[in-house]
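The values are calculated or read from the model by the stated rules, or taken from the named source; none is laboratory data. On a predicted model such as this, the values are computed, not experimentally measured, just so you know. With ideal geometry, Cβ positions are generated from the backbone for all residues, glycine too; neighbour counts draw on all protein chains shown. For the accessible areas, the whole protein counts, side chains as well, though only heavy atoms, and no ligand, DNA or RNA atoms are used. Shrake-Rupley method; radii C 1.70, N 1.55, O 1.52, S 1.80 Å.
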Amino acid sequence: MILGPGAVLLRGFALHDAESLLDAVARIARAAPFRFMQTPGGFRMSASMTNAGAAGWVSDRRGYRYDARDPDSGKPWPKLPAAFTTLAGAAATAARFEGFVPDACLINRYEPGARLSLHQDKNERDFSQPIVSLSLGLPAVFLFGGLTRTDTPRRVRLEHGDVAVWGGPSRLAFHGIAPLKDGEHPATGRCRINVTLRRAL
Ligand code: MD6
Ligand code: FE
């Protein structure tokens, strides 16, 4: 399904690997637990987050940035699992972005009511690289807008096993997640997990 120029939703692309991908998320979370980060404005984000890879996305009163270390432990983020790198490359290729090798993996955990307000992903160095985003567990409504904040976003349902690939003219499109509806998913229980793979450095 085409979301926009350079943005596609590959429905069910990761469905068969979902169990092992969730195992990899659980392993990462044991080494670097999910935590609620602070926005630069001082609010607590409603989705909790952790990272894997050479660069982890962090937010605090000083701003948004990538950091090689987990600020909670002072240790490097866990290694990017090979299963994530492989999935990211395959999904990017399916979306006609060849040779994508991520170095950053942000993992978001949404419980009922959690949301992500409209934003652009612009802390990465090279906007010619796409982003690959995997949804697991409870479904969510993805808000996909345009290049300015005031463009009315489209609403697209993201389900367990769906993979979105996002680049080219859509790389800096505004997007977000509507408040998560309550429910129970056999793979995750009462939450949604999003794994976003990027080339940050
Ligand atoms: C989420 N995703 O799906 C949040 N960003 O929970 C994102 O913010 C996102 O899905 C850039 C590209 C794809 C995404
Ligand atoms: Fe984003």
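Can you give the helix-only mean residue ellipticity at 222 nm for the chain, where every DSSP H stretch with n ≥ 4 adds -39500 (n - 2.57) and the sum goes over all residues, rounded to the nearest 500 deg cm²/dmol?
Taken over the chain, the calculation gives -4500 deg cm²/dmol.
Looking at the chain as a GNM with Cα springs under 10 Å, which of GLY56, GLY167, GLY113 has the largest mean-square fluctuation?
For the chain, modelled as a Gaussian network with Cα springs under 10 Å, the answer is GLY113.
Would you mind working out the accessible area per residue for region 53-201, using a 1.4 Å probe, and quoting it in Å²?
That works out to 46 Å² per residue.
Tell me, what does the Kirkwood hydrodynamic radius of region 58-101 come to in angstroms if you use every pair of distinct C-alpha atoms?
About 12.7 Å for region 58-101.
Which value, in debye to the nearest 20, describes the size of the charge dipole of the chain about its Cα centre when Lys and Arg Cβ atoms bear +1, Asp and Glu Cβ atoms bear -1, and nothing else is charged?
The calculation lands at about 480 debye.
Need the full-extension length gain, ASP60 to PHE34, defined as separation in residues times 0.36 nm minus the C-alpha distance. One decimal, nm.
Going from the current span to full extension adds 7.9 nm.
Percent of accessible area on the chain owned by carbon and sulfur, 1.4 Å probe?
Carbon and sulfur atoms account for 54 percent of the accessible area of the chain.
In region 1-92, how does Rg compare with the Kirkwood Rh, expressed as the Rg/Rh ratio over alpha carbon atoms?
Computed over Cα atoms, the ratio is 1.02.
Using the scaling law 2.2 N^0.38 Å as the reference, what is the normalised Cα Rg of region 88-130?
1.46
Within the P(r) computed for the chain, what percentage of the Cα pairs occupies the region above 31 Å?
Result for the distance tail: 8 percent.
Counting each pair of different Cα atoms once, what's the Kirkwood radius of region 119-190 in Å, rounded to one decimal?
So the Kirkwood estimate lands at 13.3 Å.
Can you spot the aspartates and glutamates whose alpha carbon is less than 19 Å from LYS122's alpha carbon? Ignore those fewer than 8 places along the same chain.
Straight-distance partners of LYS122: ASP60, ASP67, ASP103, ASP151.
Note down the nm distance, to one decimal, between modelled labels 7 Å out along Cα→Cβ at LEU15 and at ASP151.
Those two pseudo-labels are separated by 3.0 nm.
How far, in nm, would the chain grow between LEU201 and ALA94 when pulled straight, counting 0.36 nm per residue and subtracting the alpha carbon separation?
That pair, LEU201 and ALA94, stretches by 36.2 nm at full extension.
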